[in-house]
1. Hey, any hits in the range 285-293 for a residue that's in the same structural domain as GLY64 (by TED's automatic domain parsing), of a type in the set (Asp, Glu) and either touching a helix residue (DSSP H, G or I) at 6+ places or on another chain (Cβ under 9 Å) or part of a loop (DSSP other than H, G, I, E, B) (or both)?
2. Please specify each residue of the range 203-254 satisfying the condition of being buried (at least 19 other Cβ atoms within 10 Å of the Cβ), among the hydrophobic types (A, V, I, L, M, F, W, C) and either modelled with pLDDT under 95 or out of contact with any Phe, Trp or Tyr (no Cβ under 7 Å at 6 or more places or on another chain) (or both).
3. Hey, does the range 109-116 have a residue that's without any contact (Cβ under 8 Å) to a residue 40 or more places away in the chain and of a type in the set (S, T, N, Q)?
4. Considering only residues that are surrounded by fewer than 19 Cβ atoms within 10 Å (Cβ to Cβ) and either part of a helix (DSSP H, G or I) or among the basic types (Lys, Arg) (or both), look in the range 184-202 and name the one that is nearest to the chain's Cα centre (by Cα).
5. Can you list the strands (runs of 3 or more DSSP E) lying wholly within the range 47-140 that have 2 or more residues being within 22 Å of PRO153 (Cα to Cα)?
6. From the list ALA253, ALA226, pick out the single residue that is touching a Lys or Arg at 6+ places or on another chain (Cβ under 7 Å), in the same structural domain as THR126 (by TED's automatic domain parsing) and within 30 Å of PHE185 (Cα to Cα).
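The values are calculated or read from the model by the stated rules, or taken from the named source; none is laboratory data. What you see is a predicted model, and the numbers here were worked out from it, not measured in a lab. Here Cβ is always computed from backbone atoms with ideal geometry, including for glycine, and neighbour counts include all displayed protein chains.
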Amino acid sequence: MPEREIDATELAARVREAMNRSVTEHGHHPGAEYHPSAVRHYVRERALLRALGDLPFATALDVGCAEGFFVSSLRSRLGKEVWGVDISDVAARRAAARLGGSFAAGDALDLPVSDGSFDLVYSTETIEHVLDPERMIAEMRRVARRWVVVTTPISESEHEHEPDYEQRHEGHVNDFDAGAVRRLFGAKARIGSFRCNSSFALVLGVGRYLPRPLRDGFYGLDNALARRAGRPEHRFRALRNRDWLIVADGDGAAAAPPAWACPRCKGPLEDDGDALRCPGDDVRYPVAEGVPDFATVVPSA
């Protein structure tokens, strides 16, 4: 479908439907337990923890958190306060039930938090699914006082794949080569990469089936080789990296305690029983199992 025939709201609804179906049928993320199908998440976890471990922050927001895999990692490994937002209301409720804390259903293009609510805002493998990546990064920067961190697959060109607007396969609608990443994040962003073709093949073929200490050794090999020898444009395909990891500055807004806000006006919300109400726009967002759904508007009482 040509891009001009679809808008961001329509695509978000399709992504939500596809994610809800996936989470309900078999789960999108593996949670706290290891499973061989989670190998990409574990390789990404190592790279993310390494990057975030070098950044001073106390609070973080995970944009596209699914069932909270990386929220759990940052809480347990780094001891940080981490909230999560995902387009899937099913995933957000599962994350809240399993992990506790603050989760919400919402759109990455209209984050339901006020300016400068978190020290750091991060997103893993989400930006390739949104119709307007520039707006998503602007929203993340608006919310982040200090840092914005994003991971996304590396592409050989900006038009490597046909956009999957219909969510038939992985649902990717954007490709990011080096030029696209630099234009999107700016000259000051720190742009790195991880996950190497050759060593990741060893993880897939052997490492993920081994006991944890040996398995972690394969993950470490992949991470080290990707950082030290791999490059996205390496002339040897075996040493090409497969994921970007970008660290950019937030907007530096004045500190505000983390709190949900109206995704439309970014104003404060009032508890209205089974919903959160925005007095400014006079709209209500339903709350189910303690999780607000900012992708759904209900009539005012």
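1. Scanning the range 285-293, I find no residue that is in the same structural domain as GLY64 (by TED's automatic domain parsing), of a type in the set (Asp, Glu) and either touching a helix residue (DSSP H, G or I) at 6+ places or on another chain (Cβ under 9 Å) or part of a loop (DSSP other than H, G, I, E, B) (or both), so the answer is no.
2. VAL203, PHE218, LEU225, ALA226
3. No, the conditions are met nowhere in the range 109-116.
4. Filtering the range 184-202 for residues that are surrounded by fewer than 19 Cβ atoms within 10 Å (Cβ to Cβ) and either part of a helix (DSSP H, G or I) or among the basic types (Lys, Arg) (or both), the one nearest to the chain's Cα centre (by Cα) comes out as ARG190.
5. In the range 47-140, 59-63, 81-86, 118-124 are the strands (runs of 3 or more DSSP E) which contain 2 or more residues that are within 22 Å of PRO153 (Cα to Cα).
6. ALA253
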